[in-house]
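S.K.: Here it is, the structure in full.
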Amino acid sequence: MSLRVREGGITLEFTFEELMKYHGPAAPGGVAHGYTAMQVALPQLAPLVDRREVKVRTGFRGPGGRDAIEMVLRAVTEGQYMVTPLLRMPGRGPLLEDYVWEFTYRGDRVSVQLRDDGLVTEEFIVLARKPDRTATEEAHLTRLKAEMADRLLSRPADDVYEVI
């Protein structure tokens, strides 16, 4: 499934593969998180949102998620994208606490969070947050990112993120 938004009266459509071309190979898991969060949230706001009018706040710190949001919504360029620790949910534990997104469009707001379903592994979180990783650890982290993206994209978006 692709993401559809509107700009200047024209419908634009984005696939995950296109978002990856924009972002590059570094964080496919993060791109997949941004992509699936938008797939769940945007239809809750309108059948077709005007892309430059959507504001996004998130607890997710990764560049892949940011780039997915930027390509589809231009929220970074428009100054409408904010990473804030206020949205993190520490009570959900370190595997889930950052994966919260809030989208606002024309006064309506929807928040989504990652479902607790083994989509993010402890091994990934520990390694991703480890300072001074070795080359071997970097290579392993790269594999873990790709595996996470595969897990996220192999399911319907509603099975990955839920409206809260």
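The values are calculated or read from the model by the stated rules, or taken from the named source; none is laboratory data. This one's a predicted model, so the numbers in the text were calculated from it and none came from an experiment. Quick reminder, even Gly has a Cβ in these numbers, built from the backbone with ideal geometry, and neighbours come from all protein chains shown. Heads up: the accessible areas ignore ligands, DNA and RNA and are worked out on the full protein's heavy atoms, side chains in. Shrake-Rupley method; radii C 1.70, N 1.55, O 1.52, S 1.80 Å.
S.K.: From the list L127, L86, L95, which residue is surrounded by 14 or more Cβ atoms within 10 Å (Cβ to Cβ), of a type outside the set (F, W, Y), out of contact with any Pro (no Cβ under 9 Å at 6 or more places or on another chain) and part of a helix (DSSP H, G or I)?
M.R.: Result: L127 is the single residue among L127, L86, L95 that is surrounded by 14 or more Cβ atoms within 10 Å (Cβ to Cβ), of a type outside the set (F, W, Y), out of contact with any Pro (no Cβ under 9 Å at 6 or more places or on another chain) and part of a helix (DSSP H, G or I).
S.K.: Additional query: Quick check: is even one residue across the range 61-76 closer than 18 Å to L152 by Cβ, among the charged types (D, E, K, R) and open to solvent by less than 30 Å² (accessible area, probe 1.4 Å)?
M.R.: Yes - at least one qualifying residue is present in the range 61-76.
S.K.: Say we look at the range 98-124 and pick out the residues that are part of a helix (DSSP H, G or I) and either closer than 30 Å to R52 by Cα or of a type in the set (D, E) (or both); which of these is most open to solvent (accessible area, probe 1.4 Å)?
M.R.: Among those that are part of a helix (DSSP H, G or I) and either closer than 30 Å to R52 by Cα or of a type in the set (D, E) (or both), it is E122.
S.K.: Is it true that some residue in the range 41-53 is open to solvent by less than 20 Å² (accessible area, probe 1.4 Å), small (G, A, S), within 17 Å of the chain's Cα centre (by Cα) and within 13 Å of V5 (Cα to Cα)?
M.R.: Yes, some residue in the range 41-53 is open to solvent by less than 20 Å² (accessible area, probe 1.4 Å), small (G, A, S), within 17 Å of the chain's Cα centre (by Cα) and within 13 Å of V5 (Cα to Cα).
For (1) out of contact with any Leu (no Cβ under 8 Å at 6 or more places or on another chain); (2) not β-branched (V, I, T), each residue gets a yes or a no:
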| residue | (1), (2) |
| --- | --- |
| F14 | no, yes |
| A26 | yes, yes |
| G29 | no, yes |
| T36 | no, no |
| Q39 | no, yes |
| A46 | yes, yes |
| V49 | no, no |
